[in-house]
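Written out below as structure tokens is the structure these notes cover.
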Amino acid sequence: MATVEERAESGGRGVSEAMLRGFFREMLLIRRFEEKVEDRFRAGELPGFLHVAIGQEATATGVCAALAREDVIASTHRAHGHAIAKGTPVERIMAELYGKVEGCSKGYGGSMHLYDVEVGNLGANAVVGGGLPGIVGAALAFKMRGEKRVAVAFFGDGATNTGTFHESMNLAQLWTVPAIFVLENNGWAESTPASQQLPLPVEELGKRAAAYGMKLIEADGQDVEAVYLATLAAREHALAGKGPVLLHLRTHRLTGHFVGDPQVYRDKDELKEERETKDPIRLLGARLEIGEDEFSTIDGELTAEVEAAVEFAKAGTDPKPEDALKYVYA
Amino acid sequence: MPELTYREAVRDALGKALREDDSVFIMGEDIAEMGGSMAVTQGLLDEFGPTRVRNTPISEMAIVGSGIGAAIQGMRPIVEIMYEDFLTISMEQLVNQAAKHRTMSGGQISVPLTIRTQGGAGWSPGAQHAQQLEAWFVHVPGLKVVFASTPEDARGLLWSAIYDDNPTVFFEHRTLYSIKGEVSDELQPIPLGKARIHREGSDVTVVATGRLVHESLQAAEEAEKDGISVEVVDPRTLLPLDEQTIVESVKKTARCVTAHEAVTRGGFGAELAAVIQHAAFDWLDAPIERVGAAFAPLAFAPGMEQWAVPHADDVLEAIRRTVARG
Ligand SMILES: Cc1ncc(C[n+]2csc(CCOP(=O)(O)OP(=O)(O)O)c2C)c(N)n1
Ligand SMILES: [Mg+2]
């Protein structure tokens, strides 16, 4: 989290250039990580079902940067960025994707169940909407014990149609718990566009907060600085005891729903245009005037970091098959 | 020894846990001022206040789900689902979340959550307020399942459920709330996974749960008059199951009847029969008989309801059938 000093001395909208450069680096790390995931999946090395969040890096980075280590998150099927941004080293995430004991869930979770309790990642969820009620409960525990912590649920626009979303929003507001509901609105639920799954225009999805009397904060999800500042505001609101916040971030999925998705349902020209105009990393790079040389230096370092993660993962330990029974009960 | 009703016994365990441990709190629909639809939590609001005795909206997913979240943060929430029929609404949170967090996290997380609920026929509520769904949960690794049939068991088992570090579904039977039973002066925790032999016998073992424990004890009295000696065993915890006590009993008697109020098809009796036949095949002198409800949504009219669910005479007939096999 930014210190007060950092925020005070920074220009523009309130974030120092150094911090923005840090964001840039982390977002590019997430991008390179996920590209590598796609690549290794195609090579047949990665088992399972994988979803990348290419185009949505700014929401992961911006939100998690505004959180304290002791704040907790629940993530979704599109989990790699959240996990990296909350602080799990990439090699432990990669090892998880390879099903190794060194993985962040020791090989029991996989891409859709990345956990790292030490850094406050309470787990990614493969059931759309599945993580939301737990976040209300975590926030309730913080409130009951007087701890200055927030609990944060990530979810997509599609998840706002589930019962758990509505029950969780309602309960969180009723009990004014310090929860932040982070709506990563990419306008798609798999192949189904907003127009076929949302009764509101996609840009207006935040209106759902009003039904619960909940505070709504909105930001451009492609602008990491805006996301970061919006999250700080949401956190402040929640910690002041004013109740939960719906943090509505409009974002763009610049790739398929899952790795290998041919996207037959998507207009190719539109996608191409979105890639050119909505890429949060490009947008930030332009703002920071990161030139080609500087970019390739950073990129080289991150690519090497990801490559090392792959090597680490491949050299990892396969769990003993019979250890499948090891963690069923506490 | 003091006497408590089953209802008071449950309340006693809740009160003691709330009193001794700040991490314990209870929540559910109408559990505060009203004391729950079965009056189990009456008085707890007055003693512990609304922060720890929480009325919730009608949100079964969020009740169980927020219980999970609080449990992961080190609380010991006890949530009440008003009728076990409504557990079906919270199923996703129970089955996919509560039961699986520990494994999916590679052991990083535990979920010390207790889910209390109740059900059972005998008061003509119709098909959506009297089901017995305990067998559904026995099929889910990661959950524990308890079904208490007496005041002493209810109190001691609930205590153990609360202090177990796993999500535990605790079934109470509606028609048992008013029964009285002797209890020890001080709450005695009863370990999960330990069956109770209610009555020793040498000719037939009846393995019964919930209300059918009482029906089976009555059937055993009747059978005794015909010179049939019946042993009645209540597993009390369905998951994990005390296979040893049950199998040893059947090895002694060589005959077995399972009895529960839930429908027979796919019921817990099926699991018991499978366990027993495998472990005691060479000891069995007769096929295992299963007693349970008729396979139909529970009808409303009292005559139909009573016909559909099993009673002591159904257990008695089953006992006689096993004995008749020679
Ligand atoms: C309860 C449930 N229903 C359906 C699915 C299959 N599914 C996985 S992701 C997804 C779309 C989710 O859309 P959204 O919440 O907007 O998240 P996004 O994929 O856009 O990040 C669906 C339907 C699921 N995993 N869980
Ligand atoms: Mg979406």
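Annotations
- Cβ pairs under 7 Å, 6+ apart, first in the stretch A:120-135 and part of a helix (DSSP H, G or I), second within 15 Å of ligand 2 (Cβ to nearest atom) and open to solvent by less than 10 Å² (accessible area, probe 1.4 Å): A:Leu132/A:Ala153; A:Leu132/A:Phe155; A:Leu132/A:Phe165; A:Ile135/A:Ala153
- Residues of the stretch A:136-160 that are under 14 Å from the mean Cα position of the chain (by Cα) and either free of Cβ contacts under 8 Å to residues at least 60 places away in the same chain or within 15 Å of ligand 1 (Cβ to nearest atom) (or both): A:Ala153, A:Phe154, A:Phe155, A:Gly156, A:Asp157.
- Within the stretch A:112-127, considering residues that are within 16 Å of ligand 2 (Cβ to nearest atom) and farther than 13 Å from A:Ile84 by Cα, the one least open to solvent (accessible area, probe 1.4 Å): A:Asn125
- When A:Ala68 is tested against (1) part of a helix (DSSP H, G or I); (2) more than 13 Å from every other protein chain (Cβ to nearest Cβ); (3) not basic (Lys, Arg), just one condition goes unmet, and that condition is (1).
- Just so you know, in the stretch B:287-311 the residues that are free of Cβ contacts under 8 Å to residues at least 40 places away in the same chain and aliphatic (A, V, I, L, M) include one that is surrounded by the fewest Cβ atoms within 10 Å (Cβ to Cβ), and it is B:Ala296.
- Elements of type strands (runs of 3 or more DSSP E) in the stretch B:183-244, at least 2 residues being among the basic types (Lys, Arg): B:196-199
- Residue that is surrounded by the most Cβ atoms within 10 Å (Cβ to Cβ), among those in the stretch B:105-136 that are more than 14 Å from chain A (Cβ to nearest Cβ) and not in a loop (DSSP other than H, G, I, E, B): B:Arg116
- Unmet criterion (only one of (1) closer than 19 Å to B:Ala98 by Cα; (2) more than 14 Å from chain B (Cβ to nearest Cβ)) for A:Asn185: (1)
- All positions within the stretch B:150-180 that are farther than 18 Å from B:Ala39 by Cα, open to solvent by less than 10 Å² (accessible area, probe 1.4 Å) and not aliphatic (A, V, I, L, M): B:Asp153, B:Gly156, B:Asn166, B:Pro167, B:Thr168
Okay, residues lined up against (1) in a helix (DSSP H, G or I); (2) in contact with a Phe, Trp or Tyr (Cβ under 6 Å, 6 or more places away or on another chain); (3) open to solvent by 60 Å² or more (accessible area, probe 1.4 Å):
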| position | (1), (2), (3) |
| --- | --- |
| A:Gly14 | no, no, no |
| A:Leu28 | yes, no, no |
| A:Arg31 | yes, no, no |
| A:Glu34 | yes, no, no |
| A:Phe49 | no, no, yes |
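- Every condition in (1) touching a Lys or Arg at 6+ places or on another chain (Cβ under 7 Å); (2) within 13 Å of chain A (Cβ to nearest Cβ) holds for B:Val40 except the one numbered (2).
- Meets criteria (open to solvent by less than 30 Å² (accessible area, probe 1.4 Å) and within 13 Å of the chain's Cα centre (by Cα)) for A:Ala68: no
- Within the set B:Val250, B:Val257, the sole residue that is surrounded by 23 or more Cβ atoms within 10 Å (Cβ to Cβ) and not in a strand (DSSP E or B) turns out to be B:Val250.
- Residues located in the stretch A:171-192, provided they are over 16 Å from B:Ser90 (Cα atoms) and more than 14 Å from ligand 1 (Cβ to nearest atom): A:Ala172, A:Gln173, A:Leu174, A:Trp175, A:Thr176, A:Val177, A:Pro178, A:Ala179, A:Ile180
- Within the stretch A:310-326, residues that are more than 10 Å from A:Glu91 (Cβ to Cβ) have Cβ atoms under 7 Å from residues that are surrounded by 15 or more Cβ atoms within 10 Å (Cβ to Cβ) and acidic (Asp, Glu) in these pairs: A:Thr317/A:Glu102, counting only partners at least 6 apart in sequence or on another chain.
- Residues in the stretch B:62-85 that are open to solvent by 10 Å² or more (accessible area, probe 1.4 Å) and either touching a residue at least 60 places away in the same chain (Cβ under 8 Å) or assigned to a strand (DSSP E or B) (or both): B:Arg76, B:Glu80.
- Helices (runs of 4 or more DSSP H) wholly inside the stretch A:152-240 that include at least 2 residues being crowded, with 18+ Cβ neighbours inside 10 Å: A:163-174, A:224-239
- In the stretch A:201-210, the residues that are within 14 Å of ligand 1 (Cβ to nearest atom) and hydrophobic (A, V, I, L, M, F, W, C): A:Val202, A:Leu205
- Scanning the stretch B:276-303 for residues that are assigned to a helix (DSSP H, G or I) and modelled with pLDDT of 95 or more, we see that the one that is nearest to the chain's Cα centre (by Cα) is B:Ile276.
- Residue satisfying all of: in the stretch A:256-287; of a type in the set (Val, Ile, Thr) and surrounded by fewer than 18 Cβ atoms within 10 Å (Cβ to Cβ); farthest from A:Thr59 (Cα to Cα) among these: A:Val264
- Within the stretch A:108-131, none of the residues are closer than 14 Å to A:Val245 by Cα, at pLDDT 95 or above and at the interface with another protein chain (Cβ under 10 Å from one of its Cβ atoms).
- Just one of the numbered conditions (1) at the interface with chain A (Cβ under 8 Å from one of its Cβ atoms); (2) open to solvent by 30 Å² or more (accessible area, probe 1.4 Å); (3) touching a residue at least 12 places away in the same chain (Cβ under 8 Å) is not true of B:Gln93: (2).
The values are calculated or read from the model by the stated rules, or taken from the named source; none is laboratory data. Quick caveat: nothing in here was measured; it's all calculated off a predicted structure. Methodologically, a virtual Cβ is constructed for each residue, glycine included, from the backbone with ideal geometry; neighbour enumeration extends over all protein chains shown. Surface accessibility is based on the protein's heavy atoms, side chains included, excluding ligands, DNA and RNA. Shrake-Rupley method; radii C 1.70, N 1.55, O 1.52, S 1.80 Å.
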